[in-house]
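What follows is a short report on a single structure.
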């Protein structure tokens, strides 16, 4: 019988980014650097679909803001914007209380009991965002996580005929010119399945491969998805349907965000919700720790049961347990050998 691909003793916390780990949109430092009115940029972005429809065009609302950023670069209002600049702006991102230290501290939760350590349970953190990957990579949280899915731009796009060229010169300071990767609120679920199947760790595993549940690296029931609102409903649903947990967070200064999360809980989209506060004393931190421990307990129970079902008892002497059995004659030693040695 073939051995399973993975031991399934890994827990994954999967995080949205904007309004989940940070109180604002991550692009705020970028707009500040170039002197762009942030409110005006988002207002324009939200109008693009309607305005292009008047011209007879259909556009994807999910990538509208990426295209609009490129338009700002081409127009010269954000001249020189490249991936290096995005990383530099990412360093200016400010996080909610408790971050980024929470990510390291939470990994210790799976070592708090001897049984968890015995089964070598680990906790991994992943960011799945519709924001900009280079900004996340430049932020203080980048080295605290195990993987990042977000939108990406290409500098110096390959030109026609590049297959027949031996070398291409690259400018030292290029601008972003094309969209390289799009993560929207629907394709976030693809990232979840990549984490689930392990294709993010093993390039030989395609995310569309047919895999039995026992062969997947991180079962859905070992996942906790954390995000801030309705745009993450597809991801909440995928994780909850697979037996995992969904948790909503809100800015404590926003009554609207609180009410939004309460509605999500009432209709069963999330299991619970709390303030976006990740200090060890916060309700959010305590709830997440409780869920991680419950998943650990289930992993331990399942693995112990599997061992018990596959490992038989060793041979023993009946006299060890039956010394007072009247059928045993004095001085006679009887031995029972159990099957399965």
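Throughout, read-outs are computed from the coordinates displayed, never taken from laboratory work. Fair warning: this is a prediction, and the values are worked out from it, not measured in the lab. Neighbour counts are summed over all protein chains in view; Cβ atoms, including those assigned to glycine, are modelled from backbone coordinates with ideal geometry.
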The stretch 177-244 - Rg (one decimal) and Dmax (whole number), Cα, Å
12.9, 43
What is the ratio of the Cα radius of gyration of the chain to 2.2 N^0.38 Å, with N the residue count, to two decimals?
1.33
Kindly express, to the nearest 10 degrees and within the range 0 to 90, the angle between helix 255-266's C-alpha long axis and the longest C-alpha principal axis of the chain.
40 degrees
Does the stretch 74-212 come out rounded, prolate or oblate, given a ≥ b ≥ c as the square roots of the eigenvalues of its C-alpha gyration tensor, rounded meaning a/c under 1.5 and, failing that, prolate meaning a/b above b/c?
oblate
Among 304, 232, 18, determine the one that fluctuates most according to a GNM of the chain built with springs between C-alpha atoms less than 10 Å apart.
304
Ranked list, fewest to most other Cβ atoms within 10 Å of each Cβ, for 201, 188, 54
54, 201, 188
Once each part is reduced to its C-alpha centroid, what is the distance from the stretch 103-160 to the stretch 183-229 in angstrom?
14 Å
Enter the angle in degrees (range 0 to 90, nearest 10) between the Cα long axis of helix 64-74 and the first principal axis of the Cα atoms of the chain, meaning the one along which they spread out most.
40 degrees
Sorting 32, 240, 19, 113 on the 10 Å Cβ count, fewest up front, what's the list?
32, 113, 240, 19
Expressed in nm to one decimal, what extension gain is obtained for the pair residue 265 and residue 286 from 0.36 nm per residue of sequence separation less their Cα-Cα distance?
5.7 nm
The exposure ranking of 122, 186, fewest beta-carbon neighbours within 10 Å first, is 186, 122
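Can you compute the helix-only [θ] at 222 nm over the chain? Use -39500 (n - 2.57) per DSSP H run of at least 4 residues, normalise by all residues, nearest 500 deg cm²/dmol.
-11000 deg cm²/dmol
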In the Gaussian network model of the chain, springs joining C-alpha atoms below 10 Å, which of 242, 161, 76 carries the largest mean-square fluctuation?
161
Using alpha carbons only, how many degrees (0 to 90, rounded to 10) separate the axis of helix 38-54 from the longest principal axis of the chain?
80 degrees
Rounded to the nearest 5, what % of DSSP beta bridges with both residues in the chain are antiparallel?
20 percent
